[in-house]
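Chemist: Let me give you the structure first, and then I'll get to my questions.
The values are calculated or read from the model by the stated rules, or taken from the named source; none is laboratory data. Note that the coordinates shown come from a computational prediction; the quantities given were computed from them, not determined experimentally. Please note: Cβ atoms are built from the backbone with ideal geometry, for glycine as well, and neighbour counts cover all protein chains shown.
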Amino acid sequence: MDINEAQISAIVENVIKKINCTPISTERQMGVFPTMAEALAAVEKAYQQYRSYSIEQREKMIAAIRKRTLEEAENLAKIGVSETGMGRVSDKIIKHQLVANKTPGTEDLHPIVKTGDCGMTLVEMAPFGVIGSITPSTNPSETVICNSIGMIAAGNGVVFNPHPNAKLTANYAVDLVNRAILEAGGPENLVVSVEKPTMDSSNEMMKSPIVRMLVATGGPGVVKALLSSGKKAIGAGAGNPPVIVDDTADVEKAGADIVAGASFDNNLPCIAEKECFAFDNIADRLIQSMLKSGAYLIQGEQIDRLLDIALINKDGKYVINKKWVGKDAGKFLKELGIDADPRLIICETPENHPFVSTEMMMPILPIVRVSSIDEAIQMAVKAEHGNRHSAHIHSKNIDHLTRFARAIETTIFVKNAPSYAGIGAGGEGHTTFTIAGPTGEGLTSARSFTRQRRCVMVDGLHII
Ligand code: NAD
């Protein structure tokens, strides 16, 4: 059946009404423009005004964004799930609360001072200007709000080109951020976007002289495109995080933690456990613990049938079947004729199974038995594909913990906790939804969106 864009929008609005969240307004949203040219002109004007704002004023705006995000966390979560058809409302609420509470603001900016015989030199973290940000479908509003807080804290303006499949959700967040900024006395259109983002609007944004820095959050395609732009770029790319469980681990806790992490928002987060390597002598106990914690075990030909649903064989190479990304585990099981609604599906597979090597972003976790830490590390490093994104381990053996961390070289490495501890949920440290492995900024925050400026005073202001 052919279906046009207007019909798709009508269906989405209908669904949103049915699930009882605020319908997306048909009147123009704040900061959302019909064309990229208009968006760019508006944000440039806003940035020029914003340059005269104090740090205190920046913080007032950020506080208002935090407040509105908390008030609208449930609404944002429902809109995201209904538009994209991916993820879980309850988990998306937690993601928005994390963004509101744990994304650093201006306190993240630290000037450096050097004094000596010659006087004093000050290095300050200055804004880039207008930043162009490309956002994913998997965390649409989370990324818009998180990046807005960090980029504004650093004194920048932002233009977003959101994922086309999540544009309503992302633009709802752009509107929310603008309303909060205005309410706190900030300029109009400091954060902008386009009504219908496309590859053309993305290219226009990347090439515009108004845009001084680019930030891409998504898969390998977008990171590569940005790094070829000739501009300063931050690339936050794909992952395929392995988790190892050895025979010194608290196996009960490991099973519960892995189910919690791998099922979080139906495995959409790039940091979530996506394949498990378990020591043979604890694997049965681990599986029992996972079953007690909300997982469902499938076996034999059920695994083959699930493979045919979740992945597509393209000339001998498996790629994800996009229509199944982020769906509930119960929906997969229904296709297998099983009536159950667990948080996660688990299955035992060999190391070379496509479930192990593919970043599926579905609540399906393959478990591979290993006989030693050497074997586990070697398989985990291979499954991570050199993304150097995230990896996790459950162990009390310091040697195992250290050797795995050294071998896999990931930006995030979580020990004895669910993967989301790595972005501040139940773990120390701030939250971000833009984890920049390829370009090295790590877990981005306000300081990632600054340029250093040195100011030198000779023979003065040196007081000892
Ligand atoms: P995606 O790569 O399909 O899309 C991301 C964004 O890039 C979208 O806005 C899309 O329109 C745009 N895009 C894609 N190819 C492009 C190109 N060649 N030029 C310009 N723009 C392009 O990603 P997705 O499916 O929405 O999200 C899932 C992927 O993102 C996973 O691989 C996941 O690991 C990764 N991700 C990484 C992080 C991180 O912080 N490192 C965070 C979230 C998601």
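Chemist: Just checking, which of Val192, Val215, Val243, Val259 is of a type in the set (Val, Ile, Thr), more than 9 Å from the ligand (Cβ to nearest atom), at pLDDT 95 or above and not in a strand (DSSP E or B)? Steps first, please.
Modeler: On the way: Val192 fails: not in a strand (DSSP E or B); Val215 fails: not in a strand (DSSP E or B); Val243 fails: not in a strand (DSSP E or B).
Going through Val192, Val215, Val243, Val259 in turn, the sole match is Val259.
Chemist: Also: Please tell me if Gly150 is assigned to a helix (DSSP H, G or I), more than 30 Å from Trp324 (Cβ to Cβ) and within 15 Å of the ligand (Cβ to nearest atom). Show your work before the answer.
Modeler: On the way: assigned to a helix (DSSP H, G or I): yes; more than 30 Å from Trp324 (Cβ to Cβ): yes; within 15 Å of the ligand (Cβ to nearest atom): yes.
So Gly150 fits the description; yes.
Chemist: Would you check if Asp175 is under 18 Å from the mean Cα position of the chain (by Cα) and not in a loop (DSSP other than H, G, I, E, B)?
Modeler: no
Chemist: Ok, one more. Anything in segment 178-209 that is polar (S, T, N, Q) and more than 21 Å from the chain's Cα centre (by Cα)? List them, or say none.
Modeler: Taking segment 178-209 as the starting set, the residues that turn out to be polar (S, T, N, Q) are 178, 189, 193, 198, 201-203, 208.
If the condition is that a residue be polar (S, T, N, Q) and more than 21 Å from the chain's Cα centre (by Cα), then Asn178, Asn189, Ser201, Asn203, Ser208 are the ones that fit.
Chemist: Looking only at segment 107-114, decide whether some residue is surrounded by fewer than 23 Cβ atoms within 10 Å (Cβ to Cβ), more than 16 Å from the ligand (Cβ to nearest atom), more than 20 Å from Ile55 (Cβ to Cβ) and not charged (D, E, K, R). Can you show your working first?
Modeler: Step one: filter segment 107-114 for residues surrounded by fewer than 23 Cβ atoms within 10 Å (Cβ to Cβ), giving 107-114.
Checking which are more than 16 Å from the ligand (Cβ to nearest atom) leaves us with 107-114.
Cutting the leftovers down to more than 20 Å from Ile55 (Cβ to Cβ) gives us 114.
Imposing the further condition that a residue be not charged (D, E, K, R) reduces the set to none.
No, because not a single residue in segment 107-114 is surrounded by fewer than 23 Cβ atoms within 10 Å (Cβ to Cβ), more than 16 Å from the ligand (Cβ to nearest atom), more than 20 Å from Ile55 (Cβ to Cβ) and not charged (D, E, K, R).
Chemist: Need pairs with beta-carbon distance below 6 Å; first residue in contact (Cβ under 8 Å) with a residue 24 or more places away in the chain and over 19 Å from Gly440 (Cβ atoms) and within segment 206-227, second away from the ligand (no atom under 13 Å from the Cβ) and part of a helix (DSSP H, G or I); sequence gap 6+ or separate chains.
Modeler: Ser208/Leu40; Ile210/Leu40; Ile210/Glu44
Chemist: Take segment 411-439 and flag every residue that is over 21 Å from Ala256 (Cβ atoms), touching a residue at least 60 places away in the same chain (Cβ under 8 Å) and within 11 Å of the ligand (Cβ to nearest atom).
Modeler: Matches in segment 411-439: Thr432, Phe433, Thr434, Ile435, Ala436, Gly437, Pro438, Thr439.
Chemist: Which of the residues belonging to segment 222-236 are more than 9 Å from the ligand (Cβ to nearest atom) and at negative phi?
Modeler: Let us first name the residues in segment 222-236 that are more than 9 Å from the ligand (Cβ to nearest atom), namely 227-234.
Leu227, Ser228, Ser229, Lys231, Lys232, Ala233, Ile234 - these are the residues of segment 222-236 that are more than 9 Å from the ligand (Cβ to nearest atom) and at negative phi.
Chemist: Looking at (1) modelled with pLDDT of 95 or more; (2) under 26 Å from Gly237 (Cβ atoms); (3) of a type outside the set (Ser, Thr, Tyr); (4) more than 16 Å from the ligand (Cβ to nearest atom), which is the one condition that is false for Asn387?
Modeler: (4)
Chemist: Now, a different point. Checking Gly440 against (1) in contact with an Asp or Glu (Cβ under 8 Å, 6 or more places away or on another chain); (2) in a loop (DSSP other than H, G, I, E, B): exactly one of these is not met. Which one?
Modeler: So Gly440 meets the others, but not (1).
Matching residues to (1) of a type in the set (S, T, N, Q); (2) assigned to a helix (DSSP H, G or I); (3) in contact (Cβ under 8 Å) with a residue 40 or more places away in the chain:
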residue	(1), (2), (3)
Asp304	no, yes, no
Asn313	yes, no, no
Val319	no, no, no
Lys327	no, no, yes
Gly330	no, yes, no
Lys334	no, yes, no
